[in-house]
Structures are given as structure tokens and as C-alpha cells.
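Notes for the one structure printed next.
The values are calculated or read from the model by the stated rules, or taken from the named source; none is laboratory data. Bear in mind that the values here come from a model prediction, so they are computed numbers and not experimental data. FYI the Cβ positions are ideal-geometry reconstructions off the backbone, even for glycines, and counts take in every protein chain you see. Ligands, DNA and RNA are stripped out before the accessible areas are found, and what is left, the full protein with its side chains, is counted by its heavy atoms. Shrake-Rupley method; radii C 1.70, N 1.55, O 1.52, S 1.80 Å.
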Amino acid sequence: MKSPLLLLPGAVPAEGVDEGVAAHYGDLFREQRALADGTGFVDLSHRGVVTVSGDDRLSWLHLLLTQHVSELPPHQATEALILSAHGHIEHALYLVDDGETVWAHVEPGTQGALIAYLESMKFFYRVEVADRTNDFAVLHLPAGSIAETPEGVVVRETPYGRDLFLPRTDLEPYVEKGGVGPAAGLLAYEALRVEHHQPRLGFETDHRTIPHELGWLGTAVHLQKGCYRGQETVARVQNLGRPPRRLVFLHLDGSEVHLPPHGTELRLAGDGPDGRKIGFVTTSVRHHELGPVALALVKRNVPTDAPLMADTTAAAQEVVVEP
């Protein structure tokens, strides 16, 4: 779904999974600094929007999600995962309840599979699941933004900013009205996400990722609840304390012209190009203050102070998830 905000001056379309919104508007670092200073906005209208309504919505979702939501207060933001029977991450939901309906935004293109799963689990519960992607668009305002929220719009507020569930017909008028500051693209938004060590489904995850590897236990998993698919794996790994991999933050060699793309293999420095693979780059970005940085998954037993190589790019690691 192509965003009307791609018509704003300087907009350069994003590619791949983020197709449909702007990657940047001509000045990546200016856009990053604006978001860091609490001004501007990010067009996230390519993301899927799913709602769950009905009297049983919270108690029902509580049985399916990794997060404790049975008593979720209205307007309190949270995040949650849906796992496979083996504990692998299948979906990530960023949600809020408005008192009558749970609103969630999810990765672009994943809402169909999510809704199919939710529909298969309805049974006798009084819930209605709906795909609202065609009707609502997500717009992100950074923390500290003084932009007004239109009356009646559902807001998901976190320490990193506000996600507005705007009617699609109001997206362009809201931005054109003014008061929201300059437009910032997905590259600026992703750079700050990497700085804050926030994992993203499909980027930091693969078919066998478990929550412990990414630090999602602190934000999306409630360890004192059970009764959800994959909970046995979560409890077992938590008790043993031995997830097979761990998320790291990488400072990349700034002399390299190109950033290592997603999937670039990591090896210990000194092992050469034929050395043993010990992980891979998940997201790499250019940050306005830190320079080229990345998130990566490495084997749990890789020494935390070991210098790494991402193909031909030298990388120094910072611990995100303790080994």
C-alpha cells in the first residue's frame, strides 16, 4: 500500500519489506537528529493493523500471548509475542487497549497469517478479530513531541514516543496541517531502533529464534504466567540460563564505504574468511553520532570482548544479552 506521504518533497521510497513508505527525505542525519530531539514524525503506514474487540478480548489474548494482558489497563501500551509449539517467535504485536478494543500494529504483510491463527483459536470466546490495515495507518511521533493528537485517535505511548492509529483518509491532512515537524524516513527510525537495541521481527529473528536470545524477556514476555503455546520452552531455557545465541551491538569500522547487509556472516577476527561462522548481522545502519553500527546474533559462548569480522568489515561488540 503506497503512502500518500511519498509525495512530500525529497521522499525516496524504501525497498523490501518496508516498501510503500519513505526510506528518507534527503538528509538522513538531519532526520535522525530531529527524532532524537523530539520533533518530526515517521510514516509507518505500511505496517499491518489488527483489532480484537468483544467482552472476552483480554482474557482470550492472555491465553495466546507471551505477555500478561488479562488485566491490561486502558491506554497502557505493551508488546507481546506469539510463539510456535517449540518456543520459536512467529509474531510480534505492539498493542494497546482503548477500553473497548485492542489495537495492534505488526510487521508489514504478517497480519494475514496472524489473523488466520487468531481466528483458529476463537472457539466459544466472545471476540471479533479484524484486519484494519486498509482503514488505519500508523504514524510515529518521537518522545518529547508536542504535536497534538487528533480527538478520538487511538494512541500507543511508550518511552520512545507515540504511535497514532490514524484513519488513512486523515493521514495526509494531519501532516499538512502542520505542527508535527519535519518528516523523517525509515532509515532514521531504524537507526534509533538499533541504538536502543530493540529487536524487530524478520530482521533480528529467523525460523529458530527464541525470546531469550533478543532480550525480549524484559518487554514482551511475562515469566510468571503460563498457558500459552511455547511456554514450556520459555520456562526451560530461563531456568537453565543457556539460550543458544545472544543479541549484540556492533561498532563497525567507519572506513568501510558499504554497510554489511542483513545476513552477513560473522567470524572471529584473525580466523580469516574461511574461519568458523559464529553469527550474522541482523540490521546495520549509519547513526548520526555513533557512526556505522549494527545489531547481530552470535553464538552464546563467543567471548564478549572478542573482535569480530563481518565479511571484510571489522566490528567491536557490546553486550546486549548476557551470555
**Study point:** Answer residue from region 21-67, given it is of a type in the set (Lys, Arg) and buried (at least 20 other Cβ atoms within 10 Å of the Cβ) and is nearest to Leu139 (Cα to Cα) among those
**Key:** Arg47
Check your understanding: Can you name every residue in region 264-273 that is in contact with a Phe, Trp or Tyr (Cβ under 7 Å, 6 or more places away or on another chain) and open to solvent by less than 40 Å² (accessible area, probe 1.4 Å)?
Key -> Thr264, Leu266
Practice item. Would you mind stating whether Asp55 is touching a residue at least 24 places away in the same chain (Cβ under 8 Å) and among the acidic types (Asp, Glu)? Key: yes
Check your understanding: Considering region 1-15 alone, what residues qualify as being modelled with pLDDT of 95 or more, farther than 22 Å from Ala147 by Cβ and open to solvent by 30 Å² or more (accessible area, probe 1.4 Å)?
Key -> Val12, Pro13, Glu15
**Study point:** Subset of region 69-82 [under 19 Å from the mean Cα position of the chain (by Cα) and open to solvent by 10 Å² or more (accessible area, probe 1.4 Å)]
**Key:** Gln76, Ala77, Thr78, Glu79
Practice item. Would you mind telling me which numbered condition in (1) surrounded by 13 or more Cβ atoms within 10 Å (Cβ to Cβ); (2) within 12 Å of Ile89 (Cα to Cα); (3) under 18 Å from the mean Cα position of the chain (by Cα) Val248 fails? Key: (2)
